[in-house]
Each structure stands twice: as structure tokens, then as C-alpha cells.
Amino acid sequence: MDERYIDLDSLMQRAGMLIAQGKIADYYIVFFNIHNFKYINKVFAYHEGDIVLEMHIKKALSFLTPDERLVRLGGDNFVALVGAANIEEFIEKLSCVQLTYSNGIKEKKFNFGVTAGYACLEGVSQPRGCMAKASVAYQAARSEGAGKIVFLTPEINEKMMRQQSIVTAFPGAIKKGEFLVYYQPKVFVSDQTMYGAEALVRWLRHGEIVPPMNFIPILEADGSICDLDYYVLETVCKHLKGRKENGKDIICVSVNFSRRHMEEDDLVEHIIEIIDKYDIEHQYIEIELTESNDYQDFKKLSDIVSQLRLEGVGTSMDDFGTGFSSLNMIKNVDMNVIKIDKSFIPLGTDYPNRKRDVELFNNIVHLIKQLGKRIVVEGVETKEQLEILKNAGCDIVQGYVFDKPLTVEEFDNRLDEGYTNM
Ligand code: C2E
Ligand code: CA
Ligand code: CA
């Protein structure tokens, strides 16, 4: 076979040699995965998939000069060592590999892309430093999305390090109780009593409050979000139990559950176990789930919602209207509450599309009501918006017009005293 097609040990030896010769700065490392290769094994038999992979490898080798190298790490993951003079052309060719495979009966043309990260090896002083750069670059590409190609700049490198530091700090932070739960009331427009509240997490890190958007997507990508969601649920249950023991009223609190939970087999059991541990009646907990754009998820979501319903735990569809399949979701997944995303709320002031937006909004509300669901409108900020919502027949509102997310002490006061000055 081609002498440029080597194993990882040989690549490390070569990198060591280039470092010793002071030539490493003239090279780039590329980590790539063939985009959608899985699809091949669905269309063709397994051994045919191998043939297509071989064809791809030959193609990739043809993009290399004699002193460049290619390594298969396993599956459809590869690393290439590419010279500075060829890197741009190599990446461009690799980004669209056209292959035609025929087995005598079927012929198929493929256009393969890649998910790839690549980095200049300047400054690398150990062979393993090459693989470290390759894997950070690849992670950066993956976090951009499948099929993306990313060049590792110092800025991206720093961002990846920051993300890594969040993932690494997470288990300790959860043990030390650095995650705080804030509560944002959901309020009946008619009499300003509370229908419920949403639990929203914050991270008290190095004495500063970090908003969820700065860490949730990272924990979501890593998968640790699931532990955090259970932690928030447990914190909420503990709080409700404390109130009950002090003879105080409690209300239904909703907890956000990431779609990463769809991968768990015991999600519903786990939720119920936590609620029961604190003796909270099931109707006081609601689980917020975001709509799903993926069919596989969709079926799973529907099962989970039904199981929770049987247990008496309510569910709400978060950010309704922001996905691709919103209407399909309300038709097929039987959630109790639909939370209309703030992007749908018509603005209160005069602007060209106002009339049309109000009409659209009214019709969405009408439709959801016809289906017998409860509506909560989120992110309501002004009295003018409130007026539009009232006219459309929405009765429950969550937003700055009533409250920002409150600390647990503020929330308790709100529950005990209601709205005294509105
Ligand atoms: P979300 O579930 O859509 O939560 C609503 C967000 O809107 C919250 O942002 C809330 O503070 C904000 N908000 C409420 N009223 C208004 C308003 O009147 N105007 C505007 N502009 N914004 C308003 P927050 O607390 O920053 O949370 C952001 C997102 O982080 C949440 O969006 C949710 O997706 C996620 N999140 C928060 N806590 C958790 C959690 O415990 N688990 C999971 N998985 N996700 C969480
Ligand atoms: Ca939510
Ligand atoms: Ca939302």
C-alpha cells in the first residue's frame, strides 16, 4: 500500500523527527471524520461500506505530497500531517470528495464532506503535542456542528480551553453547592396571583453569578447537564418540603430538562424517585422540555410525556414556535402546557408588521386552546404587550413585567406576601 498511509506510532516518530530537525513549524495537523459515512452502511452491505471507505482513503492520499502522511485512527476518523504549502488545497479537496461505487447491481455517486479541525504545528515541542492540537481543533469543529471545518486560531484555542475548564470544574462545583436556583413566577394576568414558577439555575463561580447561557450549552455538549438538571429538581423539592414543614403554601414549580435526557433509560423513574424522596405531591412539579426537530427524539419524547402524565407530573413544551416542527409536536406529544416563546409576542408600539403579528399571535393562541392546552407566555416585558396578550385570551404570563428570576428568599417573600404594589 501507499507508504504515506501509516499508523499512529509511525506518525509520532515522524513528528519527533520534524521537531528535532526544527521543521515542525512547516506542518499542519488535520483531524477529520467523514461526514455522514454511517449512511453508507445503511444503503450497502457492511463489506461494501469498507470498499467505499478504502476508496475515500485512496482519494485522500492522492491529495498529499510525498512527504505528507495519513493515519486511520479507527472507524472513519483520520489524522493527516500536511505541509504548509499544501494545507489550503488539501482542506478544500477533502471538503468535497466525490466517489462512484458500483457493485454490478447498484451504482451510487457520493459527495462526502468532513467534520475537520486543523492546526499549525508551530511551537509544538513534543510529538504528543501534535495530537493534542489535532484533538482540540476537532472538538472545535464538532462544537460548530457536523460537517464543519475549523482552523484552530489562538482565540478558538482559548475558547476551547475555557469550555474545558467549565467541564472540569463542574463535578466539584456541584458538590460544593455552587449552583443556585432562582425562581421566576408565572402569574395569572386577571388577579396577579401565582400559577407557578420556573426554576432557573445560576452558577456562583469565584464570587460571581454566571448566567446559564455561559455554561449550559457546554455542559449540554458534554452530557453533564443531566446531573445538573437532577440537582435543580432536587433543590426545588427540598425547598418545597421546607415550606410545607413550616405550614406554608406551595405552588407548582417547573424544572428545565435538557434533551440530553432522551438518551437515558430511567429518566421518568429517576424524576419520580427524587420527588418522592421529599414527599412532594406529583402535581407540584412540572418538567419543561424543548420541542424536538428530530424524529427519533420525537417518539421518545412522546413516551416520556405519557409516562410522566401517568405519574401525575405535568409537562410543558418550552420555547414553542422556535423549532421546525412545532405544530407536529402539539398534535402528537400530549403536554399540559405550551410556553410560547418571546419572539412571538407582538411589540406594543407602532411598527409596520404589528397588525399581521398580532393576528398571527391570536391565531396561535386560539389553536393551542382548541387543543385543550394551557398557555404560558414567556418574556413579557411591557404593559403594552400584556394588553395584547389579554386581548388574545392568554391568562398566564412569565416575564419582567411581573418579576425577574428571584432568589429563593425573594421568591418566598413573593409567595407569602403576593404583589403589594402593582
Ligand atoms: P428558558 O427556559 O427559555 O428560560 C427563560 C429565560 O428567559 C430565562 O433566562 C429568563 O431569565 C429569561 N426571561 C424571563 N423573563 C424575561 C423577560 O421579560 N425578558 C427577557 N428578555 N428575558 C426574560 P435564563 O435564566 O438566562 O435562562 C436561559 C436558559 O437557560 C433557559 O431558557 C433554559 O433554556 C436554560 N436553563 C436555565 N436553567 C436551566 C436548568 O436548570 N437546566 C437546563 N437544562 N436548562 C436551564
Ligand atoms: Ca424553560
Ligand atoms: Ca423558554
Next item on the list: Enumerate the residues in the stretch 25-51 having an amide nitrogen under 15 Å from the point lying 7 Å beyond the Cα of S125 toward its Cβ.
Entry: 25
Notebook entry, point to check: What's the carbon and sulfur percent of the stretch 312-422's accessible surface, probe 1.4 angstrom, rounded to a whole number?
Noted result: 46
Next item on the list: For the stretch 123-236, give the percent of accessible area contributed by carbon and sulfur heavy atoms, probe 1.4 Å, rounded to a whole number.
Entry: 54
Check: Just from the alpha-carbon atoms, what are the Rg and Dmax of the chain in angstroms?
Finding: 26.9, 81
Next item on the list: Leaving out ligands and nucleic acids, note down the accessible area per residue over the stretch 321-422 with a 1.4 angstrom probe, in whole Å².
Entry: 57
Item checked: Mean projected area (nm²) of the alpha-carbon convex hull when the stretch 160-273 is viewed from all directions -> 8.9
Check: Between F179, F44, F32, which gets the highest mean-square fluctuation from a Gaussian network model of the chain, Cα cutoff 10 Å?
Finding: F44
Check: Which whole-number percentage describes the relative contact order of the stretch 275-422, with Cα contacts under 8 Å and a sequence gap of 6 or more?
Finding: 17
Note to self: If I fit a long axis through the Cα atoms of helix 127-144 and take the longest principal axis of the Cα atoms of the chain, what angle between them do I get, 0 to 90°, rounded to 10?
What the structure shows: 40
Next item on the list: Using a 1.4 Å probe and counting only protein heavy atoms, arrange D403, D26, D249 so the residue with the most accessible area comes first.
Entry: D249, D26, D403
Notebook entry, point to check: How big is the accessible area of H47 in square angstrom, nearest 10, if you roll a 1.4 angstrom probe over the protein chains?
Noted result: 120
Notebook entry, point to check: Debye sum, Cα scatterers, the stretch 11-123, no solvent: what log₁₀ I/I(0) at q = 0.13 1/Å?
Noted result: -0.52
Check: How large is the dipole of the stretch 1-121 about the Cα centre if only Lys and Arg carry +1 and Asp and Glu carry -1, each at its Cβ, rounded to the nearest 20 debye?
Finding: 360
Next item on the list: At most 15 other Cβ atoms within 10 Å and a DSSP loop assignment: could you name the trypsin sites (Lys or Arg not before Pro) in the stretch 15-55 that fit?
Entry: K23
Checklist line | Under 16 Å from the Q13 label point (7 Å along Cα→beta-carbon), backbone N, the stretch 108-146 | finding: 127-128
Next item on the list: Obtain the radius of gyration and the Kirkwood radius of the stretch 348-395 from its C-alpha atoms and give Rg over Rh.
Entry: 0.97
Checklist line | Selected from G104, G196, G399 as most flexible by GNM, with the chain as the system and alpha-carbon contacts under 10 Å | finding: G104
Notebook entry, point to check: Cα centroids of the stretch 175-195 and the stretch 310-340: how far apart, whole angstrom?
Noted result: 20
Item checked: Estimated [θ] at 222 nm from DSSP helical runs (n ≥ 4, -39500 (n - 2.57)) normalised by residues in the chain, nearest 500 -> -14000 deg cm²/dmol
Margin query: Residues of the stretch 178-203 with the amide nitrogen closer than 16 Å to a label point 7 Å from the Cα of V408, along Cα-to-Cβ, please.
Written below: 178-184, 198-203
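How large is the dipole of the chain about the Cα centre if only Lys and Arg carry +1 and Asp and Glu carry -1, each at its Cβ, rounded to the nearest 20 debye?
Details: 48 positive and 64 negative charges, 179 e Å.
Here the chain has a charge dipole of around 860 debye.
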Next item on the list: May I ask you to list the lysines whose Cα is less than 22 Å away from that of K342, ignoring any residue fewer than eight positions away on the same chain?
Entry: K186, K331, K355, K369, K373, K383, K390, K404
Check: To the nearest 20 debye, what charge dipole does the stretch 215-329 have about its Cα centre, counting +1 at the Cβ of each Lys and Arg and -1 at the Cβ of each Asp and Glu?
Finding: 420
Next item on the list: Could you do me a favour and compute the accessible area per residue for the stretch 34-165, 1.4 Å probe, result in Å²?
Entry: 53
Notebook entry, point to check: For the stretch 246-291, what % of the accessible area comes from carbon and sulfur atoms, probe 1.4 Å?
Noted result: 41
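Looking only at Cα atoms, what is the convex hull volume of the stretch 301-422 per residue, in Å³?
130
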Next item on the list: Skip the ligands, DNA and RNA, and give the accessible area per residue of the stretch 241-305 with a 1.4 Å probe, whole Å².
Entry: 51
Next item on the list: Arrange the residues E48, E281, E92 by how much accessible surface each exposes, largest first, with a 1.4 angstrom probe.
Entry: E92, E281, E48
Item checked: Candidates I29, I209, I345, ranked by Gaussian network fluctuation over the chain, Cα under 10 Å, top entry -> I209
Margin query: Suppose we look only past 18 Å in the calculated P(r) of the stretch 157-213. What percent of the Cα-Cα pairs does that tail hold?
Written below: 50
Check: By how many degrees, 0 to 90 and rounded to 10, does the Cα axis of helix 8-20 deviate from the longest principal axis of the chain?
Finding: 70
Next item on the list: Estimate the FRET efficiency between L360 and T65 by the formula 1/(1 + (r/R0)^6), using the beta-carbon distance for r and 51 Å for R0, to the nearest 0.05.
Entry: 0.30
Check: Kirkwood-based Rg over Rh for the stretch 100-142 (C-alpha set), two decimals?
Finding: 1.34
Margin query: Need one value: the accessible area of Y284 in square angstrom, 1.4 angstrom probe, rounded to the nearest 10.
Written below: 60
Next item on the list: Please work out the ratio of the alpha-carbon Rg of the stretch 225-327 to 2.2 N^0.38 Å and round it to two decimals.
Entry: 1.10
Next item on the list: Taking the dipole about the Cα centre of the chain, with the C-beta of Lys and Arg at +1 and of Asp and Glu at -1, give me whichever of G223, I91, Q398 is farthest to the positive side.
Entry: I91
Margin query: Leaving ligands and nucleic acids out of the surface, order R309, R69, R205 by accessible area at 1.4 Å, largest first.
Written below: R309, R205, R69
Next item on the list: Subtracting the Cα-Cα distance from 0.36 nm times the residue separation, let me have the gained length for R309 to L99 in nm, one decimal.
Entry: 70.6 nm
Notebook entry, point to check: Once the dipole of the chain is set up with Lys and Arg at +1 and Asp and Glu at -1 on Cβ about the Cα centre, which of M131, T115, M1 lies farthest towards its positive end?
Noted result: M1
Note to self: 7 Å from Cα along Cα→Cβ at both A20 and R260: what's the point-to-point distance in nm?
What the structure shows: 4.3
Next item on the list: Using +1 at the Cβ of each Lys and Arg and -1 at the Cβ of each Asp and Glu in the chain, identify which of F344, Q307, A146 lies farthest towards the dipole's positive end.
Entry: A146
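The values are calculated or read from the model by the stated rules, or taken from the named source; none is laboratory data. This is a predicted model, so every value here is computed, not measured. Every residue, glycine among them, receives a Cβ derived from its backbone with ideal geometry; neighbour counts consider all protein chains shown. Ligands, DNA and RNA are excluded from the accessible area calculation, which covers all protein heavy atoms including side chains. Shrake-Rupley method; radii C 1.70, N 1.55, O 1.52, S 1.80 Å.
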